[in-house]
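Worksheet for the structure shown next.
The values are calculated or read from the model by the stated rules, or taken from the named source; none is laboratory data. On a predicted model such as this, the values are computed, not experimentally measured, just so you know. Note that each Cβ is placed from the backbone with ideal geometry, even for glycine, and that neighbours are counted across all protein chains shown.
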Amino acid sequence: MAAGPPHTHPLVVPKPIGGCRAARVNDLFCPRGAQPAPPKALGGIAAPPAPMALHLAGCGDGPRRVSMLPSPKAGAVAMPPAPPRRAVLLAAGLMAAPWTARAQAPTAQYPTRPVRMIIPGAAGSGMDVMGRIMAQGLSDLWGQPVVVENRVGAGGTIGNDLLAKAPRDGYTIGVVNSSSLAIAPAIMPDVPYDPLTAFAPLGLGAANDCALAVRTASPFHSVADVVAAARAQPGRLNWASAGSGSSTHMAGELFRLTAEVDIVHVPYRGSPPAITDLLGGQVDMTFNTINALVGGVRQGQIRALATTGRGRDPALPDVPSFAEVGYPAYEASGWLGFAAPAGTPRETVAAIAAAISRVCQQPGYREVISNAGMRPQALGAVEFTAFLPVEINRWRDVARRSGARLD
């Protein structure tokens, strides 16, 4: 990872005692963030209670060669005899032990070889777009390749299961999302991992809101039109999702509960076939991700009636949110993030999370995410860890109340 800005660190050097000067220290290394050890006894002479501080500038950029203390004054008492090299090593060992220990930590050189990134979505999907731009950003930061591997199937659980079972050495990370970590455990009886214990969250990278949409030839021009028709003929209208257990599925289920309407779920294998059948008139409406719908909206083929986020989505600024059209409690945002297998060393997790956070702040990353119809996010590892159980409980409650299951 890139070196931080220059820092100034205090280096403790014992005062002369009874005319005796402290040993000269050469070739002392000062890693960034190190703290000096308290002075100790040296050569049988007790260290003084009040040390003298000497400052080294620029230690954050790497090793500095240091030669300290003036020549002894006349009449000074010499230190107990020791070869120069021994004196150097002795002083360095006593005063800089914490620094050298930190310099040898595993994360100091991480990564030293290529890193694997598992993406549990198809090429061109929102997960794939986010994962690949992040892989590029991490590779630029680390100077090591980040190799992308798409593992598709079962709403992302196949790829995430592979991630959960990967070696815990920091060299396998992966994309996770609301479908695979929060929704699947609520509606799938045999999810092969525990989302709260199988992963080490690294951070969120994007939000992927959905929208309720119809083809432009549809008689529905607003959410109110849909609700009125659904209440007039319960069970007649249907809606397409990108698949059972997806965020689009649960967005529709939450709408059914909130608006108290009876509309029939028609799951598809991904967004493209669902949108194709919407345009062909095989289904009445769809709850789908904005990044999948935005092209059709801009081309005049699709009419978006409302978005599922807390506010308007930047990709569809003219489309109101559900809160704006009379459903203030409705909110169903999908999210995408990154995780490592649980048990990955804490220091390595912190290093990866910090790198991911840096990439999330870069204008190039944010531009790619926005152009794909998603909202850039930069939620850190700690916040993501706290957020995950809240999301799991939320969608478990929606599944219980709606009766949602895998179709």
(message) With in contact (Cβ under 8 Å) with a residue 24 or more places away in the chain, crowded, with 24+ Cβ neighbours inside 10 Å, at negative phi and in contact with a Lys or Arg (Cβ under 8 Å, 6 or more places away or on another chain) as the only criterion, which of 211, 206 stands out?
(response) 206
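Name the residues in the stretch 121-132 that are touching an Asp or Glu at 6+ places or on another chain (Cβ under 9 Å) and buried (at least 21 other Cβ atoms within 10 Å of the Cβ), would you?
Residue satisfying the conditions is 121 alone.
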(message) Being over 14 Å from residue 241 (Cα atoms), modelled with pLDDT of 95 or more and in contact with a Phe, Trp or Tyr (Cβ under 6 Å, 6 or more places away or on another chain) is true for just one of 340, 323, 306. Which residue is that?
(response) 306
(message) Out of the residues in the stretch 357-376 meeting the condition of being more than 18 Å from residue 317 (Cα to Cα) and not β-branched (Val, Ile, Thr), tell me which one is surrounded by the fewest Cβ atoms within 10 Å (Cβ to Cβ).
(response) 363
(request) Could you please tell me which pairs satisfy a Cβ distance under 9 Å, a separation of 6+ or placement on different chains, a first residue in the stretch 169-194 that is of a type in the set (Val, Ile, Thr), and a second residue that is surrounded by 24 or more Cβ atoms within 10 Å (Cβ to Cβ) and assigned to a loop (DSSP other than H, G, I, E, B)? (result) 175/120; 175/121; 176/120; 183/245; 183/246; 187/245
(request) Identify the residue in the stretch 315-356 that is free of Cβ contacts under 8 Å to residues at least 12 places away in the same chain and assigned to a loop (DSSP other than H, G, I, E, B) and, among all such residues, is surrounded by the most Cβ atoms within 10 Å (Cβ to Cβ). (result) 328
(message) I want to confirm something. Restricting to the stretch 377-387 and keeping residues that are crowded, with 18+ Cβ neighbours inside 10 Å and of a type in the set (A, V, I, L, M), which single residue is modelled with the lowest pLDDT?
(response) 379
(request) Would you mention how many residues in the stretch 226-261 are part of a helix (DSSP H, G or I) and either within 28 Å of residue 371 (Cβ to Cβ) or in contact with a Leu (Cβ under 8 Å, 6 or more places away or on another chain) (or both)? (result) 11
(request) Could you list, in sequence order, all residues of the stretch 214-245 that are at positive phi and either at pLDDT 95 or above or polar (S, T, N, Q) (or both)? (result) 235
